[in-house]
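Visitor: The following block contains the structure, expressed as structure tokens.
The values are calculated or read from the model by the stated rules, or taken from the named source; none is laboratory data. Predicted, not measured: the structure shown is a model, and the values here were computed from it. Cβ placement follows ideal geometry from the backbone for every residue including glycine, while neighbour counts extend to all protein chains displayed.
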Amino acid sequence: LGPNTTQECAYYNTSWEKERTNRSGIEPCYGDKDKRLHCFATWKNVSGVVEVVKQGCWLDDVNCYDSSECVEKKESPDVFFCCCEGNMCNEKFMYVPDGPPLTTSNPFPPKQPIISTLLYSLVPIVGLAAVVLFSFWMWRHHKLAYPAALVPTHDPGPSPPSPSLGQKPLQLIEVKARGRFGCVWKAQLLNDYVAVKIFPIQDKLSWQNEYEIYSLSGMKHDNILHFIGVEKRNHNLDLELWLITTYHEKGSLTDYLKANVVSWSELCHIAQTGARGLAYLHEDVPGHRDGHKPSIAHRDIKSKNVLLKSNLTACIADFGLALKFEAGKSAGDTHGQVGTRRYMRDSFLRIDMYAFGLVLWELAARCTAADGEFLWKNPERLL
Ligand SMILES: *[C@@H]1O[C@H](CO)[C@@H](O)[C@H](O)[C@H]1NC(C)=O
């Protein structure tokens, strides 16, 4: 039923590989049924001279959804990268940096009214009928095949062995942190470092929740960790759930404060950027350009979940426990607590703010401007 169960991408690799005979050609993509398939291209552009680095199949990645053309939008990157959806869509690639918004032409020209009306009215009906029939068939099938208690859950089985898996240029390098759920690795994706959080299968809900929160409209923000994609992988016969984000060398605020003290102006910068991230997370933004951004409570604010970029700008991470508040839905429905949505929301947001206050206190305790210089020279006295 998925949009791309079979797809081919233009393939190219600058380095010859043992088992490959061609350095360029067409690569068939493989993936799980419930995942989307994408193509990617990376290239260099030295004063207008374009040199392709790699082309091929790409992971299921929200950043490529519904883009039929391969376009790099980041402003002057070191290595150009784009991904797209559709057969051979990476054959051509372009560089169109995010400039002033285009106002010249409407990207969606009006379609023929009769055809579009027919399409819009028929597609949902046919789709609905297909879903009902499929569910009925599944129900019958399961009912006949297994006793009720043994009906398998919807956990995905091991994905089929995929020749493209090894080709995907994502390599784990070293473990950087161990958390409540699995651990966080530094990894290399093409020519960039990324962070890969690996959840064991029993923490699937946490992985799923974090993925859902990152996929909400308007979650791209300077002070919120940038999400790249998710992936299911087999490792030693165990299914692992991966969550891939931007990598920040400085790590968490906890780690940073263990090894460093901060000046007054650094304290202000970290506090301000962190608070900006949290305030944005909490905010309900109906008119965001990506769609309605719901109000989100983090529910696990601590210095370990505040990451520092290389210029000490803070960003908020780890949304495994986060909760979104959408108009008309009760927060009590899914989390075993009862309460009017509005009041639940206010309480959760206040808990986050209180917790952020504690982060600020940790920060102040390691500031060189602190009164008396006692605590920052003797941090163990804090405990
Ligand atoms: C390469 O760079 C030139 C400007 O230096 C630009 O006009 C062109 O669009 C770029 N092409 C690609 C494919 O990146």
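Visitor: Could you tell me how many of the residues in the range 213-247 are part of a loop (DSSP other than H, G, I, E, B) and of a type in the set (Lys, Arg)?
Guide: Looking only at that region, the number is 1.
Visitor: Residues being away from the ligand (no atom under 14 Å from the Cβ) and either of a type in the set (Ser, Thr, Tyr) or under 21 Å from the mean Cα position of the chain (by Cα) (or both): count how many of those fall in the range 87-97.
Guide: Number satisfying all stated conditions: 0.
Visitor: Report the residue count in the range 63-81 for those that are under 16 Å from ILE228 (Cα atoms), away from the ligand (no atom under 16 Å from the Cβ) and surrounded by fewer than 14 Cβ atoms within 10 Å (Cβ to Cβ).
Guide: 1
Visitor: Can you name the residue in the range 45-62 that is surrounded by 14 or more Cβ atoms within 10 Å (Cβ to Cβ) and either free of Cβ contacts under 8 Å to residues at least 60 places away in the same chain or in a strand (DSSP E or B) (or both) and is also nearest to the ligand (Cβ to nearest atom) among such residues?
Guide: By that ranking, first place goes to ASN45.
Visitor: Also: What about ALA322, is it surrounded by 20 or more Cβ atoms within 10 Å (Cβ to Cβ) and either under 16 Å from SER252 (Cβ atoms) or modelled with pLDDT under 90 (or both)?
Guide: In short, no.
Visitor: Go through the range 236-281 and give me each residue that's surrounded by fewer than 15 Cβ atoms within 10 Å (Cβ to Cβ) and either over 11 Å from LEU363 (Cα atoms) or under 21 Å from the mean Cα position of the chain (by Cα) (or both).
Guide: ASN236, LEU237, ASP238, GLU249, ALA259, SER265, GLN272, ALA279
Visitor: Now a separate question. Which residues, taken from the range 26-43, are part of a strand (DSSP E or B) and surrounded by fewer than 15 Cβ atoms within 10 Å (Cβ to Cβ)?
Guide: Correct list: ILE26, PRO28.
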